[in-house]
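Asker: Please find one structure pasted underneath; my questions will follow.
Only the coordinates and a few stated rules stand behind these numbers; no lab work does. Not measured: the values here are computed from a predicted model. Using ideal geometry, Cβ is built from the backbone for each residue, glycine included, and neighbour counts are taken over all protein chains shown.
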Amino acid sequence: MGRLEGKVALVTGSAAGIGQAIAWRYAREGAQVLATDISSEMDETVAQGEGRIVAAHCDVTDPKSIQSCVAQCIDRFGGIDVMCNNAGFPAPLVPVDELRFEDWKRSYSVNVDGVFHGIQAAAPHMKEKGGAIINMASIGSVKALPNLAAYASSKAAVMQLTKVAALDLGKYGIRVNAIGPGYIRTTFGGGYSDEVAEMLAEQNPMGRIGEPDDVAGVALFLASDDARWVNGAMHFVCGGSSAL
Ligand SMILES: NC(=O)c1ccc[n+]([C@@H]2O[C@H](COP(=O)([O-])OP(=O)(O)OC[C@H]3O[C@@H](n4cnc5c(N)ncnc54)[C@H](O)[C@@H]3O)[C@@H](O)[C@H]2O)c1
């Protein structure tokens, strides 16, 4: 029996990368999954979903869009147990004095407002039975990353939003946790060239960069009942980089 048998999960930003790996892992473990993204390229996500993934359009910057996806979960699957706020925006790599205000605002709009809207849309429907909310932060939530002022500071906000939400919602049995990935091999922000990936791997305590499925394993744990006493926690998935 899968670890998420009988549960319903919504994953944002799941057309590719980490969100896609999480949607697949949740489906493989028995959950019914609504995989959502602003991109309409969801065929691969659905195709490898073992018949348990349905795709829907969602722009996390728009509260109505997320609310409508939560409503779809309830109509189709009878509820929502797991909300994974994964979608993210990578601002261009530039020093803070050259960062365009539009990129700063877009980072906050997707990374912070998106998580806030996700929490607000899901929580009312979890109050009766409890639930798990998982927010995608970053190693940048605690490490100052050069040329990433908007991204790193927005991910610091995600970490603190997670902790406060955990305090506010714990009494309903709603657990709110964050994941802080280190460098993961996806096409986020254009992805890493082989050269950069090799350099990052050399700097990593475990000698490699991460894969999306490394993050999916932790997202599975946090969604499952094994994490029933885990609330308001930040989980780094970075091979030890956060300890450096
Ligand atoms: N790849 C890494 O090294 C890394 C490291 C730390 C944190 N993260 C975080 O992990 C999450 C997933 O990133 P990834 O590496 O899988 O990147 P990715 O680009 O493969 O996936 C991000 C997905 O989010 C979607 N998205 C963007 N804006 C959206 C919006 N407004 N509404 C809905 N969907 C939207 C994109 O279409 C894309 O499918 C992000 O929050 C990112 O910040 C990634």
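Let's see how each residue does on (1) at positive phi; (2) part of a helix (DSSP H, G or I); (3) surrounded by fewer than 19 Cβ atoms within 10 Å (Cβ to Cβ); (4) more than 15 Å from the chain's Cα centre (by Cα):
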{"residue": "Val164", "(1), (2), (3), (4)": "no, yes, yes, yes"}
{"residue": "Leu169", "(1), (2), (3), (4)": "no, yes, no, yes"}
{"residue": "Arg175", "(1), (2), (3), (4)": "no, no, no, no"}
{"residue": "Gly180", "(1), (2), (3), (4)": "no, no, no, no"}
{"residue": "Thr186", "(1), (2), (3), (4)": "no, no, no, no"}
{"residue": "Ala197", "(1), (2), (3), (4)": "no, yes, yes, yes"}
{"residue": "Met206", "(1), (2), (3), (4)": "no, no, yes, yes"}
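Asker: Give the range 169-210 a look and list any residue that's near the ligand (Cβ under 10 Å from one of its atoms), in contact with a His (Cβ under 8 Å, 6 or more places away or on another chain) and of a type in the set (A, V, I, L, M), or say none.
Answerer: Ile179
Asker: So is Leu4 closer than 17 Å to Gly189 by Cβ and touching a Gly at 6+ places or on another chain (Cβ under 9 Å) or not?
Answerer: Answer is no for this residue.
Asker: Now for a different question. So, Met126, is that one free of Cβ contacts under 8 Å to residues at least 60 places away in the same chain and of a type outside the set (Asp, Glu) or not? First the steps, then the outcome.
Answerer: Working: free of Cβ contacts under 8 Å to residues at least 60 places away in the same chain: yes; of a type outside the set (Asp, Glu): yes.
Spelling it out, Met126 is indeed free of Cβ contacts under 8 Å to residues at least 60 places away in the same chain and of a type outside the set (Asp, Glu).
Asker: Select from the range 152-162 the residues that are of a type in the set (S, T, N, Q) and more than 13 Å from the chain's Cα centre (by Cα) and write down the one among them that is nearest to Tyr108 (Cα to Cα).
Answerer: Result: Ser154.
Asker: Further, regarding this structure: Does Ser107 meet the test of being without any contact (Cβ under 8 Å) to a residue 60 or more places away in the chain, within 21 Å of Val82 (Cβ to Cβ) and within 10 Å of the ligand (Cβ to nearest atom)?
Answerer: Taking the combined requirement at face value, the residue does not satisfy it.
Asker: Check Ser242 against each of (1) under 25 Å from Ala15 (Cα atoms); (2) within 12 Å of the ligand (Cβ to nearest atom); (3) surrounded by 14 or more Cβ atoms within 10 Å (Cβ to Cβ); (4) more than 14 Å from the chain's Cα centre (by Cα) and name the one condition it does not meet.
Answerer: Status for Ser242: all satisfied but (1).
Asker: Inspect all residues belonging to the range 124-138 and state whether any of them is of a type in the set (Ser, Thr, Tyr), within 12 Å of the ligand (Cβ to nearest atom) and over 30 Å from Arg52 (Cβ atoms).
Answerer: Checking the range 124-138: not a single residue is of a type in the set (Ser, Thr, Tyr), within 12 Å of the ligand (Cβ to nearest atom) and over 30 Å from Arg52 (Cβ atoms).
Asker: Out of Ala197, Ala233, Ala243, Ala216, which single residue is under 18 Å from Gly131 (Cβ atoms) and touching a residue at least 12 places away in the same chain (Cβ under 8 Å)?
Answerer: Numbers: Ala197 fails: under 18 Å from Gly131 (Cβ atoms); Ala243 fails: under 18 Å from Gly131 (Cβ atoms); Ala216 fails: under 18 Å from Gly131 (Cβ atoms).
Checking each option against the conditions leaves just Ala233.
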